[in-house]
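First up is the structure itself, then whatever we jot down about it.
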Amino acid sequence: MRPRVWCGVLAAVALSATVTACGGGGGTKGSDDAGASASAPAGFPVSVTDCMGAKTTFDSAPKKIVTSNAASLELLMWLGAGDKVVGTGFPPGKGALPGQFADQAAKVPVLGKMSIPKEKLLGSGADLYIDAFSSMKNMGKTPDAPTAEEFKAAGIKHVFLKSTACASMNKSPRTDLSGVAADIQSLGQITGTSQRADELVGAMNKKTDAVRDALKGVPEDKRPTYFFFDFDAGTKQPMAVCNRQVANAVITQAGARNVFADCDGDFKPVGWEDVVAKNPDWIQLGVRNRGSEEANRKAFDEAADFLRSFPATKDLPAVKEGRFVRIGSERTTIGGVRSADTVREIAHTLHPDLVK
């Protein structure tokens, strides 16, 4: 595995933290916490937990936020909290974010082209760091990542993005986007944008519910099998999407069966002989955004050409018949607002007569 590459791909933004909102608008006159409610902003305090259950409490919304990656940055912009971001690592490439966020994202200071150096992070002036990497089993800890004591001394609350950072620790497979929805609402509570978070989740649910209803007549064992081919992770040894990864939820909700859904965890290196043995009905050409439609098209073509020419895969029926899904890696492996759009797009490709 190539850790730096995976940092770019797995930079996911779902904060499926356990959130408790106390006081705010919930207190009543004469209650025991009336004094606290009177002094705290509406909706606060809010507590979230990390992968291991440690709690972080917010008495008010953060004013200056540093994000570990472009995906975190995008979600804050969807929530209307993008103006609070004072720096990011793994900045978005050209064309990676929705057009309405491009200008705003371009103004965010880049503290690290990949992970952010400790000195820059601790000296950023932020009061919140949204971290998608440090708890990730596949990556390990960044060598110079600040300790909990250093974060505290700098006045920075450290929150992990659980849908990616904690994916391999999930107790059960992820087969729908309920975790992503919970993440968005959690981050909305932390940033004081709960109403917007609810609106975003409502729109996502509307899309995925429509797909579910359209496919309700298709038995599970009759749904096509599906292989996510991460072309950019390398062709020497394929990387399987396992059942704890967001992509497994996307694939499942789209009416397909992930051929590596029996793999517990998020990602796992496999052999080409394993892929051939699975004989998938469809193959997604997972390439990362190249910055333009033309460049992306070229990358998809390169991925398809590899499968057509590679001895192990060239005779697979899906390859010979061109049953390829051309959707980028980020939109599939990163949980966020656009995950529901990816579900609908894959479902339409696989079930065009049912999902319009």
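Candidate values [x] 1.15; [y] 0.99; [z] 0.96 were compared with Rg/Rh (Cα atoms, Kirkwood Rh) computed on the shown model; the agreeing label is [y].
For the chain, the relative contact order comes to 19 percent (Cα pairs under 8 Å, sequence separation of at least 6). Summarising the amide proton neighbourhood of residue 128: residues at separation of 5 or more, or on other chains, whose placed amide H is nearer than 5 Å comprise 64, 66, 157.
Counting alpha carbon pairs within less than 8 Å and at least 6 residues apart, what relative contact order, in whole percent, applies to the range 231-287?
Working: 62 pairs, mean separation 24.2, N = 57.
Here the relative contact order equals 42 percent.
A simple spin-label model places the labels of residue 295 and residue 353 4.1 nm from each other, with each point 7 Å out along Cα-to-Cβ.
The trypsin sites (Lys or Arg not before Pro) of the range 172-265 meeting both criteria, a DSSP state outside H, G, I, E and B (loop) and at most 14 other C-beta atoms within 10 angstrom of the site's C-beta, are 216, 236.
Residue 222 to residue 103: extension gain in nm, 0.36 nm per residue of separation minus the Cα-Cα distance?
Details: separation 119, 0.36 × 119 = 42.84 nm, distance 4.50 nm.
Contour length minus Cα-Cα distance gives 38.3 nm.
Specify, per residue and in Å³, the volume enclosed by the convex hull of the alpha carbon atoms belonging to the range 119-248.
Numbers: hull volume 20.2 nm³, N = 130.
Each residue corresponds to 155 Å³ of Cα convex hull volume.
Backbone N atoms of the range 49-70 closer than 18 Å to the 7 Å Cα→Cβ label point of residue 152 belong to residues 49-59. Computed over the range 74-181, the quotient of the alpha carbon radius of gyration and 2.2 N^0.38 Å is 1.14. Of the beta bridges in the chain, as assigned by DSSP with both residues counted there, near 30 percent are antiparallel. Restricting the range 274-348 to GluC sites (Glu not before Pro) that sit in a DSSP loop and have at most 15 other Cβ atoms within 10 Å of their own Cβ leaves 321. Alpha carbon centre of the range 318-336 versus the range 160-197: separation in Å? Result: 23 Å between the Cα centres.
Which percent, to the nearest 5, of DSSP beta bridges fully inside the range 222-298 are antiparallel? Mind dumping the intermediate values first?
Numbers: 3 of 10 bridges.
About 30 percent, rounded to the nearest 5.
The label-point distance for residue 210 and residue 321, in a model that sets each label 7 Å from Cα toward Cβ, rounds to 2.8 nm. For residue 310 and residue 42, the FRET efficiency from 1/(1 + (r/R0)^6), where r spans their Cβ atoms and R0 equals 51 Å, is about 0.35.
Could you work out the helix-only [θ] at 222 nm for the chain, with each DSSP H run of four or more residues adding -39,500 (n - 2.57) and the total divided by the number of residues, to the nearest 500 deg cm²/dmol? If you can, show how the numbers build up before the last one.
Working: 15 runs with 130 residues, N = 356.
The helix contribution divided over the chain gives -10000 deg cm²/dmol.
Fully extending the segment from residue 118 to residue 63, taken as 0.36 nm per residue of separation minus the present Cα-Cα distance, adds 17.8 nm.
Laboratory data are not the source of any read-out in this text; all were calculated from the coordinates shown. This structure is a prediction, so every number in the text was calculated from the model and none was measured. Using ideal geometry, Cβ is built from the backbone for each residue, glycine included, and neighbour counts are taken over all protein chains shown.
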